[in-house]
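One structure is given below, encoded as structure tokens.
The values are calculated or read from the model by the stated rules, or taken from the named source; none is laboratory data. Every value quoted in this text rests on a predicted model; they were computed, and no experiment measured them. Neighbour counts run over all protein chains shown; Cβ positions are idealised from the backbone, glycine included.
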Amino acid sequence: MASLIKNIKSSFRKMTTSIKTFFWDLRRASNARKKKIGAYLDKKNLNLATKFPGWARALVYLSPALIVLSVFTFWPIINSFRLMLYEGYNMSNNTITGYTIFGNFIKVINDESFLFAASHTEGTAVMNTLIIVFISVPVSIFLSLFISVALNSIKPLKGFFQTIYFLPYVTNTIAIGLVIAYMFKADGGLVNTLFGLGKYSWVEQGAEYWRSMFVLIFYATWGTLAFKIMVFLTSIQGIDKQYYQAAAIDATPRRRIFSRITVPLISPMIFYILVTSVIGSFKIYNQIVALFGVTGRPAGANYTMQSIVMYIYQYIDGGGNNLSIAAAGSLILFGIILVLTLVQMQASKKRVHY
Amino acid sequence: MELRLENLTKIFTNKTGTDLTAVDDLSITIESGTLVGLLGPSGCGKSTTLFMIAGLLKPTRGKIFFGEDDVTRLAPEKRGIGLVFQNYALYPHMTVYKNIMFPLENMDVPRDEAIQRVKDMAELVGIGSMLDRKPAQLSGGQQQRVAIARALVKKPRVLLLDEPLSNLDARLRLQMREEIKRIQRETGITTVFVTHDQEEAMSISDKMVVLDFGVQQQYSAPQEMYNTPANLFVAKFLGNPPINSFEAEVKGGFLMLNDQKFMKFKEVKDASYILGMRPEHFKVSEKDSEEKIKVDIKDIFHVGRDTMIHFELNGQNIRALVDSDSVGDKDKTVDLTCKRKRVYIFDKDTGKVINHG
């Protein structure tokens, strides 16, 4: 028995040794081949590293990313400019009736569901989106800052709370939306039961514009908290503890430690979150669909909860004949985001400490 | 402000439940207005002691007094201390001016007075012209000055410095050493600083404490400590090049080196001891009458005005630093002597120095 085990062991050792030797030889052979090829290329003056200038080599190395970006990002951007210039575009037979520069923009801006609402309705794509951006972004940033500072200062159950706050990030947006809609149900919903509001309608028939908007903003804010908390918490944990010890020795109140030390030291991260969440909020789509359906209109309501992106999709859907309007709409969105981001960059120069 | 530590003990308990005594029953009285260095190898509990004085760590046992006030249970901000961290902990997003102003903003100081105090303090530490700069635009030495100014601007009762010079290059270190001493003298503030560099501690402190594994080894003025070490640890820790230490026997009242009678010690009992002799305390004997020892030179190095001789005593390699004129390159042997009071005899078991008059 013992000799058998010994035999197995020794044969196993032999096997592994031979495998190792095989790979060792393989590597040597490949190294030799590389050297050979290198020498050959050098001899023939074909070596990329010496023959082509730096920018050409850079282009070759970047090509995988560039190809993907060109197909899925750059070309669509150029394409939307092209579509925006068409008048009477028909996708099925690929014909146009003429060209225009501002025509499609004017159509979009004059559309009652885009910028200015008609007298008998409330809410337009732009107004809704702006309200969501300007309320949910600041609120969620402040909330997540406070939550991450609080999370950082507790010791017991820290991991537990971190997991709880991170859950929305890994949960499906639509699923969250359904749960939120259920929470705000008029008949037996959690919110109405909890606050004793009776059959107060939030997102169903009979709900007013601002009630629907409240629920939507609540949802948009809560859903984005997770990622922000995670980013802020990691950057707060990265701050050298000695700053806090120094502040403690100087009898700095908590409030001032927060505003004068924590916030400035993580300001690059706050700025990053600000820019990305403004852009993200401008592109809001899922949340509205989850709460109010693809029309963005609660049952029987005389208002719309549509966002700019929903507006654009609506025109993409219509058989492809309104693509020019969708293109104009998306260029307007692009313009708004571009201007706002530039403003933020300018404003951040004084406030962000790298 | 007199600073008094009474039986100060800090025990850290790690996750597995084992105790580590970082500071063990430390009792020191630091007189008002003196600069005291806490010295020891890394892990000896000197920073722990400093942080306990600062209040950032709570002592397990013992008391800390600032003058007559018992501050042991007091929060750091209520103790009135200024602390300079090893890496300065200057707020990177604030200018030098704002950094120094920061502690005052939390105090009830009129604005005009606060501004004046910041300016005076910046002048005192020599950074008056750099108030608008950010810490990143300053050299290490300048950052150090800002950190000291920030610690001093609130007029603390005690100034604490944690390894103040360890982040500076060799030349700046020499310069900042003198600066710290000057600033301390000018303000007259009781100062405690931590260092592992014996030369640094010796050069600036009025008094120093040597710690080993949290236990106080000696507390006295630097030169006194150098000349009369209390035990083998202190003797070995101080001095560069380090002290020669080797086993030697006292037989019939005579200290035996290489089987020769070297010196008579009447008060020392016949036994085996650890002997300590500093390289620079050796001298080439010129008179016949002196107590001396003849040694075979193994190696000889000339280092500027001194000459380093290598030889063997009781089977141990010994170095002696003597005047370069007193020994020639061709010499094979040399007669060496040493002042009686510079021969340190330590107990073999306890390491304590044995007084021989």
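Taking B:N87 as the residue in question, decide whether it is farther than 16 Å from B:L161 by Cβ and within 9 Å of chain A (Cβ to nearest Cβ).
The answer is no for B:N87.
From (1) touching a Leu at 6+ places or on another chain (Cβ under 9 Å); (2) within 28 Å of B:M107 (Cα to Cα), pick out the condition that doesn't hold for B:G33.
Of the numbered conditions (1) touching a Leu at 6+ places or on another chain (Cβ under 9 Å); (2) within 28 Å of B:M107 (Cα to Cα), the odd one out for B:G33 is (1).
In the range A:252-270, is there at least one residue being out of contact with any His (no Cβ under 6 Å at 6 or more places or on another chain), among the hydroxyl-bearing types (S, T, Y) and under 13 Å from A:L145 (Cβ atoms)?
Within the range A:252-270, one or more residues are out of contact with any His (no Cβ under 6 Å at 6 or more places or on another chain), among the hydroxyl-bearing types (S, T, Y) and under 13 Å from A:L145 (Cβ atoms).
Name the single residue, out of those in the range B:225-244 being surrounded by fewer than 18 Cβ atoms within 10 Å (Cβ to Cβ) and in contact (Cβ under 8 Å) with a residue 60 or more places away in the chain, that is farthest from B:D347 (Cα to Cα).
Among those that are surrounded by fewer than 18 Cβ atoms within 10 Å (Cβ to Cβ) and in contact (Cβ under 8 Å) with a residue 60 or more places away in the chain, it is B:P241.
Pairs needed: first member in the range B:324-341, closer than 18 Å to B:E312 by Cα; second member anywhere, exposed (fewer than 15 other Cβ atoms within 10 Å of the Cβ); C-beta distance under 7 Å; at least 6 residues apart or different chains.
From the range B:324-341, the pairs are B:K332/B:D296; B:T333/B:K294; B:T333/B:D296; B:D335/B:K294; B:T337/B:E290.
I want to confirm something. Restricting to the range B:57-75 and keeping residues that are closer than 25 Å to B:I180 by Cβ and surrounded by fewer than 21 Cβ atoms within 10 Å (Cβ to Cβ), which single residue is nearest to the other protein chains (Cβ to nearest Cβ)?
B:L57
Restrict the check to the range B:113-128 and report whether at least one residue is within 11 Å of chain A (Cβ to nearest Cβ) and either more than 17 Å from A:Y244 (Cβ to Cβ) or among the β-branched types (V, I, T) (or both).
The answer is no; no qualifying residue exists.
Within the range A:92-131, can you find the residues that are within 31 Å of the chain's Cα centre (by Cα), over 30 Å from A:G300 (Cβ atoms) and part of a loop (DSSP other than H, G, I, E, B)?
Passing the criteria: only A:F102.
Restricting to the range B:1-23, name every residue that is surrounded by fewer than 20 Cβ atoms within 10 Å (Cβ to Cβ) and either over 21 Å from B:G67 (Cα atoms) or of a type in the set (S, T, Y) (or both).
Within the range B:1-23, B:T9, B:I11, B:F12, B:T13, B:N14, B:K15, B:T16, B:G17, B:T18, B:D19, B:L20, B:T21 meet the criteria.
Are any of the residues in the range A:260-274 under 19 Å from the mean Cα position of the chain (by Cα), in contact (Cβ under 8 Å) with a residue 60 or more places away in the chain, within 14 Å of another protein chain (Cβ to nearest Cβ) and surrounded by 16 or more Cβ atoms within 10 Å (Cβ to Cβ)?
Yes, the range A:260-274 has at least one match.
Any idea which of (1) at positive phi; (2) within 24 Å of the chain's Cα centre (by Cα) is the one A:A251 doesn't satisfy?
(2)
Looking at (1) touching a residue at least 40 places away in the same chain (Cβ under 8 Å); (2) closer than 19 Å to A:V139 by Cβ; (3) of a type outside the set (G, A, S), which is the one condition that is false for A:F218?
It is condition (1) that A:F218 fails.
Return a yes/no flag: does the range B:95-107 have any residue that is buried (at least 20 other Cβ atoms within 10 Å of the Cβ) and either within 27 Å of B:A221 (Cα to Cα) or away from chain A (no Cβ under 14 Å) (or both).
Taking every residue of the range B:95-107 in turn, at least one turns out to be buried (at least 20 other Cβ atoms within 10 Å of the Cβ) and either within 27 Å of B:A221 (Cα to Cα) or away from chain A (no Cβ under 14 Å) (or both).
Mind telling me which of the residues B:S47, B:S42 ends up being in a helix (DSSP H, G or I), under 16 Å from the mean Cα position of the chain (by Cα) and polar (S, T, N, Q)?
It is B:S47.
Go through the range A:299-314 and count every residue that is surrounded by fewer than 21 Cβ atoms within 10 Å (Cβ to Cβ) and under 15 Å from A:T124 (Cβ atoms).
Qualifying residue count, the range A:299-314: 3.
Just to be sure before I move on: is B:I115 among the hydrophobic types (A, V, I, L, M, F, W, C) and free of Cβ contacts under 8 Å to residues at least 24 places away in the same chain in the structure I sent?
Yes.
Would you pick out the residues in the range B:186-199 that are within 13 Å of the chain's Cα centre (by Cα) and either part of a helix (DSSP H, G or I) or among the basic types (K, R) (or both)?
B:Q198, B:E199
So, A:S148, is that one in the same structural domain as A:I332 (by TED's automatic domain parsing), among the hydroxyl-bearing types (S, T, Y) and either over 30 Å from A:T304 (Cβ atoms) or free of Cβ contacts under 8 Å to residues at least 24 places away in the same chain (or both) or not?
Yes: the conditions hold for A:S148.
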